[in-house]
1. Count, please, the residues in region 150-165 that happen to be assigned to a helix (DSSP H, G or I) and surrounded by fewer than 17 Cβ atoms within 10 Å (Cβ to Cβ).
2. Only residues in region 35-63 that are within 25 Å of T92 (Cα to Cα) and in contact (Cβ under 8 Å) with a residue 40 or more places away in the chain count as the first member; pair them with residues that are of a type in the set (K, R) and assigned to a helix (DSSP H, G or I), Cβ under 9 angstrom, at least 6 apart or cross-chain, and list the lot.
3. Which members of region 136-149 meet the condition of being aliphatic (A, V, I, L, M) and either in contact with a Lys or Arg (Cβ under 9 Å, 6 or more places away or on another chain) or assigned to a helix (DSSP H, G or I) (or both)?
4. Which one is modelled with the lowest pLDDT, of the residues in region 26-66 that are surrounded by 13 or more Cβ atoms within 10 Å (Cβ to Cβ) and small (G, A, S)?
5. Out of all the residues in region 79-96, which are under 22 Å from the mean Cα position of the chain (by Cα) and surrounded by fewer than 16 Cβ atoms within 10 Å (Cβ to Cβ)?
6. Scan region 106-125 and tell me whether some residue there is in contact (Cβ under 8 Å) with a residue 12 or more places away in the chain, aliphatic (A, V, I, L, M) and open to solvent by 50 Å² or more (accessible area, probe 1.4 Å).
7. Over 25 Å from the mean Cα position of the chain (by Cα) and among the charged types (D, E, K, R): which single residue out of K132, K116 fits that description?
8. Confirm whether I146 is crowded, with 17+ Cβ neighbours inside 10 Å and within 29 Å of E57 (Cβ to Cβ).
Amino acid sequence: MNTVAIILVSVLPSLIVAVAAFFIVKYFIENDQKKRVLELKFQSKNITTPVRLQAYERMALFLERIEPNQLLFRVNNPELTAAQMQAVLLSTIRSEYEHNMSQQIYISPEVWESIKRAKENVVNAINIAAGKLPPGAMAIDLDSAIFQITAEESPIAAAMKNLKKEIQTLY
């Protein structure tokens, strides 16, 4: 029994030291991994922040470009019929939307949905205005009808407000 006690007395301290060393090394390795993950996140934020801000800028520009007043001023062609002007306006909106659709990955789903709703509201306003016109109406008649429909409430205002609100909360 004396030999067992001697072996235990000599082995037990080394086992305790080995277990303690294992847990200390494990703690330092986990800590180091956490630091690396934080560094990578910090570095990726430095890269993605300018890209996200650019996405917000592009979406604000998209909303401004499809604002009926801006859109009608930009696409103005009084020689077109109302039906032709309607087609041009809808095509312009679709083109703008498709050009900026990839920006949705940088903004929240809620803001993206409000931007899509704004686009749909503008399209609806154009279609409603065109539907109220008699056959053979000219582009200027369509412009006036669109102005009347959107004069009370901008179809873009809510989306622009949501976009600005999100930018302010993030930056």
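1. Taking region 150-165 first, the residues assigned to a helix (DSSP H, G or I) are 150-151, 157-165.
Next, only the ones that are surrounded by fewer than 17 Cβ atoms within 10 Å (Cβ to Cβ) stay: 151, 157-158, 161, 164-165.
Number of matching residues: 6.
2. Pairs that qualify, where the first residue is within 25 Å of T92 (Cα to Cα) and in contact (Cβ under 8 Å) with a residue 40 or more places away in the chain and the partner is of a type in the set (K, R) and assigned to a helix (DSSP H, G or I), are Y56/K164; A60/K164; F62/K119; L63/K119.
3. So in region 136-149, the residues aliphatic (A, V, I, L, M) come out as 137-140, 142, 145-146, 149.
Selection gives A139, I140, L142, A145, I146, I149.
4. Applying the filter and picking the extreme gives A55.
5. T92, R94, S95
6. No, region 106-125 contains no residue that is in contact (Cβ under 8 Å) with a residue 12 or more places away in the chain, aliphatic (A, V, I, L, M) and open to solvent by 50 Å² or more (accessible area, probe 1.4 Å).
7. On the way: K116 fails: over 25 Å from the mean Cα position of the chain (by Cα).
One residue alone meets the criteria, K132.
8. Values: crowded, with 17+ Cβ neighbours inside 10 Å: yes; within 29 Å of E57 (Cβ to Cβ): yes.
The answer is yes for I146.
The values are calculated or read from the model by the stated rules, or taken from the named source; none is laboratory data. Quick caveat, the model's predicted, so the values are computed rather than measured. Positions of Cβ are backbone-derived with ideal geometry, glycine not excepted, and every protein chain shown enters the neighbour counts. The protein model used for the area step is the full one, side chains on, heavy atoms only, and it has no ligands, DNA or RNA in it. Shrake-Rupley method; radii C 1.70, N 1.55, O 1.52, S 1.80 Å.
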